[in-house]
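Take a look at the structure below.
The values are calculated or read from the model by the stated rules, or taken from the named source; none is laboratory data. Everything numeric here is computed off the predicted structure, so don't read it as measured data. In this analysis, Cβ positions are derived from the backbone assuming ideal geometry, glycine residues included, and neighbour counts consider all displayed protein chains. All accessible areas refer to the heavy atoms of the entire protein, side chains included, with ligands and DNA or RNA removed. Shrake-Rupley method; radii C 1.70, N 1.55, O 1.52, S 1.80 Å.
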Amino acid sequence: MTTHIVALALLGIAVLTLAACDEWGEDRKACPEDTERWTEYQLFFGLSQSDGGTISEEEWREFLADTVTPRFPDGLTVLSGNGQWRDSSGEVLREGSKLLIIYAPPGEGGRRAIDEISEEYERRFNQESVLRVIGSACVSFS
């Protein structure tokens, strides 16, 4: 079971914070020499299901392999953690979670892929939403 009130509130704060900047919160300060500006995507996936079950490591790996990796084959990072939120009744709920971090060149293609990943997770695992945070970073491969 995943409550998304806090997730939506956090997303709203992130969007409001980034709204003062251009496309996805990128200010146009120059990146340091030998770096380039890329878009940073952070996706937070809750692992609890509404029926009381939990998304298994095997199910997560399959989702990563067939949904995420084909869209971002150049690389990504997954962190495992625990999250908590206060639901609409005031109860604090806790669940395991996955944080997916992806850096990609700026453009609509990355955002579209992130939306597809989120929609597939919601559909496949009967989730209400996936928290998405979008920003920018100066990236170097040297």
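Tabulated results
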| item | result |
| --- | --- |
| Given (1) of a type outside the set (Gly, Ala, Ser); (2) at pLDDT below 95; (3) farther than 30 Å from residue 29 by Cα, number of the condition residue 108 does not satisfy | (3) |
| Where a residue in segment 46-69 is within 16 Å of residue 101 (Cβ to Cβ) and its partner, wherever it lies, is open to solvent by less than 70 Å² (accessible area, probe 1.4 Å) and not in a helix (DSSP H, G or I), with Cβ under 7 Å and at least six apart | 60/98; 64/78; 68/76; 68/100 |
| The one condition in (1) under 25 Å from residue 141 (Cα atoms); (2) at pLDDT below 95; (3) of a type in the set (Lys, Arg) that residue 94 fails to fulfil | (1) |
| Strands (runs of 3 or more DSSP E) contained entirely in segment 32-142, each with at least 2 residues that are surrounded by 13 or more Cβ atoms within 10 Å (Cβ to Cβ) and polar (S, T, N, Q) | 36-46 |
